[in-house]
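Visitor: Before anything else, here's the structure in question.
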6 protein chains.
Amino acid sequence: MRPSHRTPAQLRPVEIIRHYTKYAEGAVLIACGDTRILCTASVDENVPPFLRGKGQGWLTAEYGMLPRSTGERMKREAANGKQSGRTMEIQRLIGRALRSVVDLTKLGERTIQIDCDVIQADGGTRTASITGAFVALHDAVDNLLRRQVISATPIFSHVAAVSVGIFEGIPVLDLDYLEDSSCDTDMNVVMTGDLGMVEMQGTAEGAPFSRENLDAMVDLAQQGIRELIQIQKKALAAG
Amino acid sequence: MRPSHRTPAQLRPVEIIRHYTKYAEGAVLIACGDTRILCTASVDENVPPFLRGKGQGWLTAEYGMLPRSTGERMKREAANGKQSGRTMEIQRLIGRALRSVVDLTKLGERTIQIDCDVIQADGGTRTASITGAFVALHDAVDNLLRRQVISATPIFSHVAAVSVGIFEGIPVLDLDYLEDSSCDTDMNVVMTGDLGMVEMQGTAEGAPFSRENLDAMVDLAQQGIRELIQIQKKALAAG
Amino acid sequence: MRPSHRTPAQLRPVEIIRHYTKYAEGAVLIACGDTRILCTASVDENVPPFLRGKGQGWLTAEYGMLPRSTGERMKREAANGKQSGRTMEIQRLIGRALRSVVDLTKLGERTIQIDCDVIQADGGTRTASITGAFVALHDAVDNLLRRQVISATPIFSHVAAVSVGIFEGIPVLDLDYLEDSSCDTDMNVVMTGDLGMVEMQGTAEGAPFSRENLDAMVDLAQQGIRELIQIQKKALAAG
Amino acid sequence: MRPSHRTPAQLRPVEIIRHYTKYAEGAVLIACGDTRILCTASVDENVPPFLRGKGQGWLTAEYGMLPRSTGERMKREAANGKQSGRTMEIQRLIGRALRSVVDLTKLGERTIQIDCDVIQADGGTRTASITGAFVALHDAVDNLLRRQVISATPIFSHVAAVSVGIFEGIPVLDLDYLEDSSCDTDMNVVMTGDLGMVEMQGTAEGAPFSRENLDAMVDLAQQGIRELIQIQKKALAAG
Amino acid sequence: MRPSHRTPAQLRPVEIIRHYTKYAEGAVLIACGDTRILCTASVDENVPPFLRGKGQGWLTAEYGMLPRSTGERMKREAANGKQSGRTMEIQRLIGRALRSVVDLTKLGERTIQIDCDVIQADGGTRTASITGAFVALHDAVDNLLRRQVISATPIFSHVAAVSVGIFEGIPVLDLDYLEDSSCDTDMNVVMTGDLGMVEMQGTAEGAPFSRENLDAMVDLAQQGIRELIQIQKKALAAG
Amino acid sequence: MRPSHRTPAQLRPVEIIRHYTKYAEGAVLIACGDTRILCTASVDENVPPFLRGKGQGWLTAEYGMLPRSTGERMKREAANGKQSGRTMEIQRLIGRALRSVVDLTKLGERTIQIDCDVIQADGGTRTASITGAFVALHDAVDNLLRRQVISATPIFSHVAAVSVGIFEGIPVLDLDYLEDSSCDTDMNVVMTGDLGMVEMQGTAEGAPFSRENLDAMVDLAQQGIRELIQIQKKALAAG
């Protein structure tokens, strides 16, 4: 029995609120159960130095947790003077995941800057960040299309992410904090709209996992991401 | 005429949502017009080294802006590796303001850590932070009382803050961003429950201000803070 | 009775030594009682990136304390790897205060960099910095005029600053360290040559201050700044 | 055809030199083709603060690249003042991988510090680091056993790692730099002595990868790690 | 002919002002020509962690230049967030030089912290720092003796320093900035009261220097330091 | 008797391995006894900002120690976020030493970046770095000549370095760690191919050193450097 009384293949309730703040070209609040993340997409009419004059754009992501988004207050990274390894790892993952569905040559010489800020954390913040940031990205691209800054969308597929794991011996979908902190294996999977895999990061926290576990987890991830993409589509259609 | 069509002495609509997140002992979302700030109060059962063994507590504050809380995206301070001078100045002000109504000897050897994170900025973030953080602080102290960690409240008054200024020659209350960025004088005032002044910081952005202007601004601030304290009381009474 | 046996409205003796060091375009040592600060104004033929090509100049300030300018040695900020919040707050104040009397469009595309370094601290270092730095700025501008780099002075008024406070219930002018560390209220006031207010920063260290206190403190500040501006004028006249 | 003329399932030649430097308790140079990494294991008779008094040990890892270990010189991280996100990600991975085969309660209150420094990089530095560091760890533990600091080994399995990928549409084992920089998918797999999976990190650099690709890559990884563990055993047997 | 019209073996005028500021246990302003440095010695009743409980004291030094102590304004190291390599090199030298004449076991478990801050730089700041700091150290030790904190002085000799060099082919003593910036060789020499050498750092800025040059420079240094020690003695005798 | 049983004037065995790694234009492993350092010379087709457009090149050096190159593991400077004063001092010395034999105007507007990374430290790492880096520099220049990037070599002499010291009262050549950590005086000497002195840095760790000691140490250094230059020549001749 999962602490949340969900079935093994059951996602937490997902809510996607677009236009959550008023300035960003894309501004999405995504809630996956008690995990709540503000994902914004900002358009910057510059590219990093290594891309100047190459006729293509860039997309990059940053991630942060509000100090008391967690059960114990975390130190504020800005006050500490550096981002933790975990933060850097997550923001690199978010950037790669979103770039996997964007044709940067169609973006022109501009950067889309994704910011994922965790308001409340209850497990799965990196995967919810990707799922929510895709919708913010979509809104930012729509803004560019609407303003006729670009003439064709550089986005060629959806991308969403979910965690899967082995909790008390059972493969389960979408771990919350209680599960995550005591599971044997935790795997984050990122897939595109046609369920092609773009990232898979699995870690055995306790016992190693078997080939059979792997297969079961990938099955669950496919199903979960299929649902998440439907939710993204519904949110975007609501426009 | 103010850009927002308010009268000179009119506050923006204020909303205070308590228990906005689930982990912090106090967690308040304050909205003053389009300015929205999450203020949390966290109890830490330690004091900084300079107070160890002195039988008293401490209260300190940190402040941050989400990168896209503003019209132009700001650089993330955690990625920059340091907090700006403006950030430091504001968080020092918030800390002093709240300490002015707390008897630290009644808190015991523990720290209350205030975090004010700006979700959306439309002027007056430092004053709204103080007004909201007071409510979060109150909730955190109630939590300590309820859990019988302390037996008497260390809070002996309310504290709230507001900005006043000279906009197009007229003294006005509670400047929004449009007013703030073109006013001649901007003054932040912090007062306690009986309207004693604890902080007053006025800056002439354009022409110097006269003694007469000062008097008019302090009058407006008193009135505004009287209203804000009523709003705090109502929010706290709602329990 | 003030610890220094001064009357409530009595400034400490002020001495302004121009040309204190040989390289800077303006180099002033200001002594206010035992507070001694070296204020230099350096001309840099560049402007910060945000002003390039805008046909105007800039003025900025930095502040530092020598490690043993105080009773207890302070850690060297350069060794610590960062400036404290207090330092940043003060240098921002000095910059704003001086810019309030300079027409930056008349300066041309160059920067005047003010450095205020505290040799010995006995209270009032931020206000003495402003009063001294104005004289250094004046000398630097005279240097530009003399070398015909600019044809008209961008300085259109004097600016000086003083602290006032409530010490043992009495409003007093120009607090020294002994007073400052035990006063109820400490207020720093910056005024221009015709006593227009450009900055007012008051903090209740102990009990809140009343409207009446505020009025008395502003009265004292006006009188003190009037005297300080006379002292600046005399120093500048001495050639 | 692979640029190195290897068959898809062929590892590069692996060489493990123990006792490569004289001070460290374990000091291994591992060469996988042209990738050469110095892996040391140092015993520190302390544990980090969060483990003090808990009766268990710790193992942590750091990773670095010599500036000219690569085709283009990289900036020295020590001179830059911070480790890159990639470095942090890799050293966290190495630490987790090695901890997965160590019973920290049998280590006593001490830390084994792993350092993996890349002398020459030709792809696969993170996986070679893990494979080499295991041998260094083994030597350090033997040192503790020999000196009777601990009475039973805390190591309960081997651990080794390899990369697999899809290069020009074909699943291949152990990518070198030429392959790595143009492959579609790159996956790093860490397994224990009985081929249980402890880490799997796959990234689609180009097109997403299919379930079929995943299966083929895991097959190759199993085979490669089986070989690597034999090489570790042979190196350790050599005394 | 030297730019300053001095003879090759002629020191610049040296002035040592004791008790230059009021807080430090030792506070000396040393002027060597136009080079002016404030040297303070502060007593700290702690030792660094590596010496705790070892029954001995410590002496360490820090060095800084005021931003406009030089012809061109230098960036403030505190604002830059780090000390330059040159600064670190100099402060390490000052510390070693002074420790060479102090018996740290007689100091007790306390630290003497030397601060050398350059008010105006005209060549020879590191050597003048050592010569001046010795006098400040002496005053700080006298303070400890007078307060009966220690019963015997830990200082067993004088220490002073001077630069020598080859300027336009001629060995000269005590280079000023004009000489220093165009000389072929620059050597800093530190000697004790009986002219034993404790540091010698020579650098050929242009052509290498010969054995003969070396001998001539050491001769000049001995003579210069003999004079400097007389000046130190006279200053200390003045009480 | 020296701990290593060498005679006072005897160098440790020196080995210079060229082309030690495959990417750098110059890549030398130098072993002086148990001290082993990888010295690379990398060509960068840029110059630092202060030299742009001046028609000359630059040479700069960085130095680092692998964390377990020493008996006790040292903290990794990249993880600490800064280079130590010792590191900065050494890398500045290496850069100056090599620049003393290079005509930068003949190098064209490019930089040669030297990296000296200590694999194993047993005393004399800074001098071995210079001796080894010269060979790497020579190889990098040969590479530029061979590729006809430059037409004439900018190198006009050899440069090598050695330490000398007073160990148990006897002047000795080439101190190893055991000697270095207990000697009275330690001096590093850098000379060019015709034994002109370019750097001499002597420190009395214990008793001051006499003029006679200095003479004896310089004699030893000349002899040692003469041998080292022969070893450099032989290594370079070997092709």
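Visitor: So which residues in the range A:207-217 are closer than 24 Å to residue D:94 by Cα and at the interface with chain D (Cβ under 9 Å from one of its Cβ atoms)?
Guide: The answer is A:207, A:208, A:209, A:210, A:211, A:213, A:214.
Visitor: Something else now. Quick check on my filter: what residues within the range B:88-116 are of a type in the set (Val, Ile, Thr), within 14 Å of residue B:62 (Cα to Cα) and surrounded by fewer than 24 Cβ atoms within 10 Å (Cβ to Cβ)?
Guide: Scanning the range B:88-116 gives a single hit, B:111.
Visitor: Can you work out which of the residues in the range B:177-205 that are farther than 26 Å from residue C:90 by Cβ and hydrophobic (A, V, I, L, M, F, W, C) is nearest to the other protein chains (Cβ to nearest Cβ)?
Guide: B:195
Visitor: Still on this model: Search the range A:92-114 for residues being among the polar types (S, T, N, Q) and not in a helix (DSSP H, G or I), and hand back the single one that is farthest from residue A:43 (Cα to Cα).
Guide: Among residues in the range A:92-114 that are among the polar types (S, T, N, Q) and not in a helix (DSSP H, G or I), the one farthest from residue A:43 (Cα to Cα) is A:100.
Visitor: Tell me which strands (runs of 3 or more DSSP E) are completely within the range D:132-234 and hold 3 or more residues being free of Cβ contacts under 8 Å to residues at least 24 places away in the same chain, or say none if there are none.
Guide: In the range D:132-234, D:197-204 are the strands (runs of 3 or more DSSP E) which contain 3 or more residues that are free of Cβ contacts under 8 Å to residues at least 24 places away in the same chain.
Visitor: Name every residue in the range B:212-239 that is more than 16 Å from the chain's Cα centre (by Cα) and exposed (fewer than 14 other Cβ atoms within 10 Å of the Cβ), in order of residue number.
Guide: Residues satisfying the conditions are B:212, B:234, B:237, B:238, B:239.
Visitor: OK, next. Quick one: residue E:170 ticks every box in (1) within 27 Å of residue F:165 (Cα to Cα); (2) among the β-branched types (Val, Ile, Thr); (3) away from chain F (no Cβ under 14 Å) except a single one, so which number is it?
Guide: (1)
Visitor: Also: Can you list residue pairs whose Cβ atoms sit under 6 Å apart, with the first residue in the range D:28-43 being closer than 18 Å to residue F:73 by Cβ and the second being modelled with pLDDT of 95 or more and among the hydroxyl-bearing types (Ser, Thr, Tyr)? Count only pairs 6 or more apart in sequence or on different chains.
Guide: If the second residue must be modelled with pLDDT of 95 or more and among the hydroxyl-bearing types (Ser, Thr, Tyr), the pairs left are D:29/D:20; D:37/D:129.
Visitor: Here's a follow-up. Which numbered condition trips up residue E:15, out of (1) in a strand (DSSP E or B); (2) surrounded by 21 or more Cβ atoms within 10 Å (Cβ to Cβ)?
Guide: Of everything listed in (1) in a strand (DSSP E or B); (2) surrounded by 21 or more Cβ atoms within 10 Å (Cβ to Cβ), residue E:15 misses just condition (2).
Every residue, every condition in (1) among the aliphatic types (A, V, I, L, M); (2) surrounded by 23 or more Cβ atoms within 10 Å (Cβ to Cβ); (3) in a helix (DSSP H, G or I); (4) on the phi < 0 side of the Ramachandran plot, yes or no:
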| position | (1), (2), (3), (4) |
| --- | --- |
| F:10 | no, no, no, yes |
| F:20 | no, no, no, yes |
| F:31 | yes, no, no, yes |
| F:47 | yes, no, no, yes |
| F:69 | no, yes, no, yes |
| F:78 | yes, yes, yes, yes |
| F:86 | no, no, yes, yes |
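Visitor: Looking at (1) touching a helix residue (DSSP H, G or I) at 6+ places or on another chain (Cβ under 8 Å); (2) of a type in the set (A, V, I, L, M); (3) within 14 Å of chain B (Cβ to nearest Cβ), can you tell me which one residue C:220 breaks?
Guide: Exception for residue C:220: condition (1).
Visitor: Tell me which residues, restricted to the range B:32-52, are among the basic types (Lys, Arg) and closer than 16 Å to residue B:140 by Cα.
Guide: Residues satisfying the conditions do not exist here.
Visitor: Give the residues of the range A:49-60 that are on the phi < 0 side of the Ramachandran plot, in contact (Cβ under 8 Å) with a residue 12 or more places away in the chain and either crowded, with 17+ Cβ neighbours inside 10 Å or not basic (Lys, Arg) (or both), sorted by residue number.
Guide: Of everything in the range A:49-60, those that are on the phi < 0 side of the Ramachandran plot, in contact (Cβ under 8 Å) with a residue 12 or more places away in the chain and either crowded, with 17+ Cβ neighbours inside 10 Å or not basic (Lys, Arg) (or both) turn out to be A:51, A:56, A:57, A:58, A:59, A:60.
Visitor: Hey, among the residues in the range D:187-196 that are crowded, with 24+ Cβ neighbours inside 10 Å and not β-branched (Val, Ile, Thr), which one's farthest from residue D:12 (Cα to Cα)?
Guide: The residue in question is D:191.
Visitor: Residues to consider are F:119, F:130; find the one that is in contact with a helix residue (DSSP H, G or I) (Cβ under 7 Å, 6 or more places away or on another chain), buried (at least 21 other Cβ atoms within 10 Å of the Cβ) and β-branched (Val, Ile, Thr).
Guide: None of the others qualify; the one that does is F:130.
Visitor: Quick one: in the range E:144-182, which of the residues that are surrounded by 24 or more Cβ atoms within 10 Å (Cβ to Cβ) and either out of contact with any Leu (no Cβ under 9 Å at 6 or more places or on another chain) or modelled with pLDDT under 95 (or both) is nearest to residue E:215 (Cα to Cα)?
Guide: Ranking the qualifying residues of the range E:144-182, first place goes to E:166.
Visitor: For residues that are touching a Gly at 6+ places or on another chain (Cβ under 9 Å) and more than 10 Å from every other protein chain (Cβ to nearest Cβ), scanning just the range A:59-102, find the one that is nearest to residue B:140 (Cα to Cα).
Guide: A:61
Visitor: Continuing with this model, one more query. Mind checking whether some residue in the range B:49-61 is out of contact with any Asp or Glu (no Cβ under 9 Å at 6 or more places or on another chain), over 25 Å from residue A:25 (Cα atoms) and modelled with pLDDT under 95?
Guide: yes
Visitor: Could you look through the range B:33-42, keep only residues that are at the interface with chain A (Cβ under 9 Å from one of its Cβ atoms) and either at pLDDT below 95 or part of a strand (DSSP E or B) (or both), and pick out the one that is surrounded by the fewest Cβ atoms within 10 Å (Cβ to Cβ)?
Guide: Only one residue tops the list, namely B:42.
Visitor: Residue B:68: touching a residue at least 60 places away in the same chain (Cβ under 8 Å) and of a type in the set (Lys, Arg), yes or no?
Guide: no
The values are calculated or read from the model by the stated rules, or taken from the named source; none is laboratory data. Treat the numbers as computed from the prediction; the structure is a model and nothing was measured. Please note: Cβ atoms are built from the backbone with ideal geometry, for glycine as well, and neighbour counts cover all protein chains shown.
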